[in-house]
Amino acid sequence: MIESHSLPTSYVTQPGAIKTSSGKTLRTDEMIINMGPQHPSTHGVLRLEIVVDGEIIVDVIPHIGYLHRCFEKHCEHMTNYQQVIPYVDRLDYCASMNNDLAFVLAAERMLKIEVPPRVEYIRVIMAELNRIASHLIAIGTYGIDAGAFTPFLYCFTDREKILDLFEMTCGARLLYNYMWIGGLSHDLPPTFVEQAKEFCTYFKPRIKAFNDLLTYNEIFVKRTAHVGVLPKDVAINYASSGPMLRGSGVNWDLRRDDPYSYYDRFEWEVQVGKGEVGTVGDSWDRHIVRMREMEQSVKIVEQALASIPEGNVQAAIPKRIRPDAGAEAYVRTESPRGELGFYLISDGSASPYRIKARSPAFVNLSVLPEISRGAMIADLVLIAGSVDIVLGEVDR
Amino acid sequence: MTPQEILETLSSNFGDAILESKLDVLQPWIRIASHRTKEICFFLRDEDLLTFDYMSCLSGVDYNDGKLGVVYHLASMIHKHKIVLKTHCTKDSPHVQSVAEVWGTANWHEREAYDMYGIVFDGHPDLRRMLLPYDWEGHPLRKDYKVPEFYNGMKVPY
């Protein structure tokens, strides 16, 4: 079998190089194929213009923007700071809590607000639970990309349990609007801590089940190992982040290296890809990093649940939020997909003068052409799936 | 390195291209000349003591006084220091040197800034619109942008 990753781009055959048995010359031009915008494995509305030579990918040109909702325009013209939070929810709709966290941290940094310890603890718990929920979607749908349907159902069963926890806290199951500037919309319900602990106990053995079912499955390994290798230096040059960067063997996690909230109070380890079944930085490595990150997230949630203090869930904040004119802040956090940053500029009015969302999926997607060249066309589905894009965040 | 040291290193190497700086704010920034961003960024990336290998973010800004700006948030994974670079250009001639050669990630960020603000990045390999349709007119995040009434002959409900 030809290992597709080892084929150089120069594999492109010259026109007229192939002859049939009767001596006729075959036309071997490059062909352009569109994948998407309505293709099941693009995980949304993404169009990939693929230049192929036979089955070998010569180039991939992503066309994005089908889901553009003018997030920045809305925020700068029609909202005040608190009203931005529901919009932020809708960026990465698989991990709304993490989006909220990034935005409120940026706003609080500008306003110099300190929030009570209980708030910080609850924020960490919610962000980590949402990270698990988001990774479960990523892993489940990645299984579908590789042709395994069952893990998807298992993943969604477990994700439901996390969504139940969110629902009992803030009433919403997908778009929470839970973290507010200076605090939270609601305190935890009385039974939350107990139920969350139950979930952690239940979930830990499930990770092993997923690994047995999908990660170390012979077919899955064959499809993903050596496929879409992202070298370390390219990953850094393209500012990839999250599992994409760590899968390439870079030991970098903003929760540890640029700590925010209370992440420096918990013990956990950054997971990196080691190329156990293939090359460092291949699709399988990105997958295994997500699996192992879920274990670490459970660890953080358990520690936070054990030591969560009593107290208020709203800091004293001004009724109308107006940061000083000229104040600006760029705050970056580790969302499930990588570095999610918000750059805010204030002009002293109630709405942000400039808001820019640095979304991890947008940046991670930009490296896709680099890692797809020379791969087989059937592998593109696996490569694009391993980037784990959420188009709501790519297009904003 | 502290922002002060970074500023001194830059000033001693690029004297007149360093136009302005503010170090006593939340996130210290340095403003550089828009026609020399590329060489300064190469220097920031490759100099051993600086090694800004990671460009977090590139944002376009409309300052609403006839000037557009580009803001670069740089970080070093090795030294773990950060700096903010800024550069200005006028609305009439919005030209800034592209840094897509320095950091691959700048490619898409610059396309987005071009899309939203109309900033032309000189030397960019493929400066097309990023998020809006290719036939869109105008640059919506400019503060003087007027929402169009028609798009391709269709009335835009507003």
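The peptide list A:210-217, B:29-36, put in order of mean Cβ contacts within 10 Å with the highest first, becomes B:29-36, A:210-217.
Across peptide A:360-368, the average count of Cβ atoms from other chains found within 10 Å of a residue's Cβ is 3. For chain B, the mean residue ellipticity at 222 nm estimated from helices alone is -6500 deg cm²/dmol, where every DSSP H run of n ≥ 4 contributes -39500 (n - 2.57) and the total is divided by all residues, rounded to the nearest 500.
Past the 32 Å Cα-Cα mark, which pairs from A:LYS112/A:LYS274; A:LYS319/B:LYS91; A:LYS112/A:LYS299; A:LYS222/B:LYS80; B:LYS86/B:LYS146? The pairs that break the limit, which is 32 Å between Cα atoms, are A:LYS112/A:LYS274; A:LYS319/B:LYS91; A:LYS222/B:LYS80. Report, in deg cm²/dmol and to the nearest 500, the calculated mean residue ellipticity at 222 nm for chain A, where each DSSP H run with n ≥ 4 adds -39500 (n - 2.57) and the sum is divided by the residue count. When only DSSP H runs of four or more count, the value is -13500 deg cm²/dmol. Where in the range A:129-163 are there chymotrypsin sites (Phe, Trp or Tyr not before Pro) that are in a DSSP coil and have at most 11 other Cβ atoms within 10 angstrom of their Cβ? Filter output for the range A:129-163: A:PHE149.
Across all Cα pairs in the range A:257-322, the calculated P(r) in 5 Å bins from zero up to the longest distance comes to 3, 14, 15, 15, 14, 12, 10, 7, 5, 4, 1, 0 percent per bin. Annotation for A:GLU310 and A:ARG265: the two label points, set 7 Å from Cα along the Cα-Cβ direction, are 1.7 nm apart. For peptide A:237-246, the mean count of partner chain Cβ atoms within 10 Å of a residue's Cβ comes to 4. The base-10 log of I(q)/I(0) for the range A:138-228, evaluated at q = 0.11, 0.18 Å⁻¹, reads -0.45, -0.86 [Debye formula, identical scatterers on Cα atoms, solvent excluded].
In the protein assembly as shown, how does Rg compare with the Kirkwood Rh, expressed as the Rg/Rh ratio over alpha carbon atoms? Please list the in-between numbers first.
Working: Rg = 23.8 Å, Rh = 24.5 Å.
Using only Cα positions, Rg/Rh for the protein assembly as shown is 0.97.
When only alpha carbons are used to place a centre, the range A:304-325 and the range A:355-396 end up 36 Å from one another. Among the GluC sites (Glu not before Pro) found in the range B:1-57, those both in a DSSP coil and sparsely packed, with 16 or fewer other Cβ atoms within 10 Å of their Cβ, are B:GLU47.
Relative to one another, the C-alpha centroids of the range A:136-159 and the range A:236-296 are positioned 21 Å apart. Shape summary of the range A:71-395, radius of gyration then Dmax from alpha carbon positions: 19.4, 59 Å.
Going by average Cβ density within 10 Å per residue, which order do the peptides B:9-16, A:234-241, A:331-338, A:49-56 take, highest to lowest?
A:331-338, A:234-241, A:49-56, B:9-16
With a 10 Å cut-off around each Cβ of A:350-356, the average count of Cβ atoms from other chains is 4.
Each reported figure results from applying straightforward, stated rules to the coordinates on display, with no laboratory input. Here the structure is a predicted model, which is why all the values come from computation and not from measurement. Using ideal geometry, Cβ is built from the backbone for each residue, glycine included, and neighbour counts are taken over all protein chains shown.
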